Structures are given as C-alpha cells and as structure tokens.
Amino acid sequence: MNGMVSFQADPTVDHIIGAAIEVHRELGPGLLESAYTTCLAYELLQRKLDFFREAPVPVVYKGERIDCGYRIDLLVEGDVIVEVKSVDALLPIHTAQVLTYLRLTGARRALLLNFNGVTLKEGLRSYLGQGN
C-alpha cells in the first residue's frame, strides 16, 4: 500500500537516514538542493552503499517506455528512492511526486528529505511501494 509509514527496521534506510543527518548537521538549513544531494552522495559512498544520481524514471505509454525527463535524486541499492528538498515546508505535491516515482519504478521504499528545517527529523518522510 502506498503512503507515508512509520520507520521500520531496514538497514539500508537506516544508513541513508544516518547519512542525511550527518549532512544536515554539517551544513545546516538554507542551501540549494543540489548541495545537499551532492553531500549526501558523498556520505553514501562513505557507507559503501550503491546508488545512482539523477536516475531516469521512464513512463510506460501504450506499452512503450518513454523518457519524459523525470529523474530520481538518488536511487539507493536499486530499490530505495531518495528525494531531496530544501523548501520552507513539504507540500502535497512533493508527496505526490514520491508516490508517482514509487509506482513508476516499482521501488520498495522512498524517503523524502527536506533539509531546510532546524532538524532533519521534521522534514523526513518515509513511504512504502506497492509491493510492501
């Protein structure tokens, strides 16, 4: 079932969240999303996690895969989507984006991270894919 979920034991997700907390502690709020994404990628490398930056998300239309320009900020270990934001507040459109990426990719989990808060915890959302 899609939707925001409570955090459950998941070593990959735990590593991602730990990396994101480290980035937020070092940089604080107020930077561009690209800075947080780059530093988060560095932290994921330090934790020896496999990931792709700007992973394409094709749309299947009438049986054809079409690249419409959608990109996941980070796809970690092949099945955890990480979307990075630096906004005043997370909006329903941000949730819709993550849920759409889950549906289109079949990923098992997604994290929506807003680095623009005093703490990362207030901007952290977790979602499960349809197969979970």
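Close contacts from segment 48-64, counting a first residue that is surrounded by 10 or more Cβ atoms within 10 Å (Cβ to Cβ) and a second that is of a type in the set (Lys, Arg), with Cβ to Cβ under 7 Å and a gap of 6+ residues or different chains, come to Glu54/Arg71; Ala55/Arg71; Pro56/Arg71; Val57/Arg71; Pro58/Arg65. Sort out which residues of segment 89-106 are free of Cβ contacts under 8 Å to residues at least 40 places away in the same chain and touching a strand residue (DSSP E or B) at 6+ places or on another chain (Cβ under 9 Å), and write them in order of number. Across segment 89-106, the qualifying residues are Ala89, Leu90, His94, Gln97, Val98.
When segment 16-36 is filtered for residues that are in a helix (DSSP H, G or I), surrounded by fewer than 19 Cβ atoms within 10 Å (Cβ to Cβ) and of a type outside the set (A, V, I, L, M, F, W, C), the ones remaining, listed by number, are Gly18, Glu22, Arg25, Glu26, Glu33, Ser34.
Where a number appears in this text, it was derived from the coordinates with a stated rule and is not lab data. Model, not experiment: these values are computed from the prediction. All Cβ positions, glycine included, derive from the backbone under ideal geometry; neighbour counts span all protein chains shown.
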